[in-house]
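In what follows, a structure is listed as structure tokens, so that the remarks can point back to it.
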Amino acid sequence: MEVQKLMRMTGVHPNRLKKQLLAGQEPQLGLWLSSGSPAMTEIAAGSGFDWGLLDGEHGPNGIESLLAQLRVIEQYEMTPVVRPAETSRVLIKQILDIGAQCLLLPMIDTPEDAAMAIASTRYPPRGTRGVGASIARAGQWGRTKDYMAEAEDQLCVILQVETREGLIHLDEILQVESVDGIFIGPADLGASLGDPPGEKLKSIVCECLRKIRGAGLIAGSIALGQAAARAYLEAGANFLAVASDTDLFVRSLDDCLAGFDDVISRRGQPQNNESGWE
């Protein structure tokens with residue numbers, strides 16, 4: 001009975017990452033988690049990265065696999081950030097209901113897109129999030145006192161601007177109420193701009209990051225190389241992904257096998273039979 005009473009009195013879990021970012025703490029370094037594997041995610045969660053992005057847009061992640069990974073990350077200091085397959089009210093509702101507090105919402109092109117995304121994370125009358133706290137993990141299935149009243153304060157909603165149109169409307173998107181941050185997606189942005197040379201794209205991303213920080217918002221991006229990562233940090237990025245689980249795994253495997261090129265190269269060649277056995 002005492003345990004049940006305690007659970008009912010427990011408030012919404014504090015969002016450590018949001019607090020650190022908005023308080024102007026040191027940049028928070030993240031890791032892309034795209035494998036869909038709870039085992040790999042748990043290994044990554046103990047690595048020391050500040051946050052991990054559970055990718056539902058390009059990774060093989062549905063609601064069930066996202067839930068499994070949220071559960072393993074919660075045992076560690078890493079904060080989970082979830083990106084849905086698309087910025088839709090239904091997917092946002094499901095992801096929030098399973099307990100995610102940090103969202104990275106893709107393909108935001110206009111202030112109207114941004115306003116819709118934010119509204120999807122808020123309960124009425126401030127938004128359009130469906131009410132299901134009594135049957136949702138996020139509210140401990142009805143045991144969390146005042147979940148609906150407190151949940152909004154612990155959400156961190158970061159919007160991805162990653163197209164030419166989004167770039168055109170960036171100043172307007174920055175003015176949308178309750179946006180916590182903007183994440184510049186270099187890969188899609190580069191494709192949308194016609195694949196400009198690396199240095200030019202890096203300069204564009206840096207200019208955006210300075211503008212975002214100047215507006216008082218969280219400024220995010222991803223850079224899998226030291227040069228770009230350092231440039232983005234210098235420009236003010238404080239929410240920066242610097243690695244990807246699948247990329248690290250692939251490179252580690254390739255590097256390991258490359259150490260045995262001499263063995264592999266001899267395959268199919270005649271072997272000396274020094275033992276004398278036929």
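Filter region 12-46 down to the residues that are exposed (fewer than 12 other Cβ atoms within 10 Å of the Cβ) and more than 24 Å from Leu248 (Cα to Cα), then identify the one that is modelled with the lowest pLDDT.
Gly24
Please find, within region 203-222, the residue that is surrounded by the fewest Cβ atoms within 10 Å (Cβ to Cβ) out of those that are touching a Pro at 6+ places or on another chain (Cβ under 8 Å) and under 17 Å from Arg164 (Cα atoms).
Selected residue: Ile204.
How many residues are within 20 Å of Leu104 (Cα to Cα) and either assigned to a loop (DSSP other than H, G, I, E, B) or out of contact with any helix residue (DSSP H, G or I) (no Cβ under 6 Å at 6 or more places or on another chain) (or both) when one looks only at region 36-51?
Adding up the residues that qualify gives 4.
For region 117-175, which fully contained helices (runs of 4 or more DSSP H) count at least 3 residues that are among the acidic types (Asp, Glu)?
Fully inside region 117-175 and qualifying: nothing.
Hey, does region 66-83 have a residue that's in a loop (DSSP other than H, G, I, E, B), within 24 Å of Gly166 (Cα to Cα) and in contact (Cβ under 8 Å) with a residue 40 or more places away in the chain?
Within region 66-83 (the criterion being in a loop (DSSP other than H, G, I, E, B), within 24 Å of Gly166 (Cα to Cα) and in contact (Cβ under 8 Å) with a residue 40 or more places away in the chain), the answer is no, since none of the residues qualifies.
Which of the following residues is surrounded by fewer than 19 Cβ atoms within 10 Å (Cβ to Cβ) and farther than 23 Å from Asp55 by Cα: Gln175, Gln226?
Going through Gln175, Gln226 in turn, the sole match is Gln175.
Could you please find all residues in region 47-76 being β-branched (Val, Ile, Thr) and surrounded by fewer than 21 Cβ atoms within 10 Å (Cβ to Cβ)?
Of everything in region 47-76, those that are β-branched (Val, Ile, Thr) and surrounded by fewer than 21 Cβ atoms within 10 Å (Cβ to Cβ) turn out to be Ile63, Val72.
What number goes with the only condition from (1) under 15 Å from the mean Cα position of the chain (by Cα); (2) within 30 Å of Ile168 (Cβ to Cβ); (3) in a helix (DSSP H, G or I) that Thr87 does not pass?
Going through (1) under 15 Å from the mean Cα position of the chain (by Cα); (2) within 30 Å of Ile168 (Cβ to Cβ); (3) in a helix (DSSP H, G or I) one by one, Thr87 breaks only (3).
One line per residue, one yes/no per condition, for (1) within 23 Å of the chain's Cα centre (by Cα); (2) crowded, with 16+ Cβ neighbours inside 10 Å; (3) closer than 18 Å to Ile95 by Cα:
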position: Ser120; (1), (2), (3): yes, yes, yes
position: Arg129; (1), (2), (3): yes, yes, yes
position: Gly142; (1), (2), (3): no, no, yes
position: Tyr147; (1), (2), (3): no, yes, yes
position: Cys156; (1), (2), (3): yes, yes, yes
position: Leu159; (1), (2), (3): yes, yes, yes
position: Gly166; (1), (2), (3): yes, yes, no
position: His169; (1), (2), (3): yes, yes, no
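Quick one: Ala231 ticks every box in (1) surrounded by 20 or more Cβ atoms within 10 Å (Cβ to Cβ); (2) assigned to a helix (DSSP H, G or I); (3) among the aliphatic types (A, V, I, L, M) bar one, so which box is it?
(1)
One residue is enough: does region 129-152 have a residue meeting the conditions in contact with a Pro (Cβ under 7 Å, 6 or more places away or on another chain) and either on the phi > 0 side of the Ramachandran plot or not β-branched (Val, Ile, Thr) (or both)?
No, every residue in region 129-152 fails to be in contact with a Pro (Cβ under 7 Å, 6 or more places away or on another chain) and either on the phi > 0 side of the Ramachandran plot or not β-branched (Val, Ile, Thr) (or both).
Could you figure out which of (1) closer than 19 Å to Ile182 by Cα; (2) without any contact (Cβ under 8 Å) to a residue 40 or more places away in the chain; (3) in contact with a helix residue (DSSP H, G or I) (Cβ under 7 Å, 6 or more places away or on another chain) isn't true of Ile92?
(3)
Can you tell me which condition Asp188 does not meet? The list is (1) touching a residue at least 24 places away in the same chain (Cβ under 8 Å); (2) closer than 16 Å to Pro27 by Cβ; (3) part of a helix (DSSP H, G or I); (4) within 18 Å of the chain's Cα centre (by Cα), and all the others hold.
For Asp188, the exception is condition (2).
Determine whether Leu31 is under 30 Å from Gly236 (Cα atoms) and in contact (Cβ under 8 Å) with a residue 40 or more places away in the chain.
Here the answer is yes, as Leu31 does meet what is asked.
The values are calculated or read from the model by the stated rules, or taken from the named source; none is laboratory data. Values in this document were obtained by computation on a predicted structure and should not be read as measured data. Cβ atoms come from the backbone with ideal geometry, glycine included; neighbour counts cover every protein chain shown.
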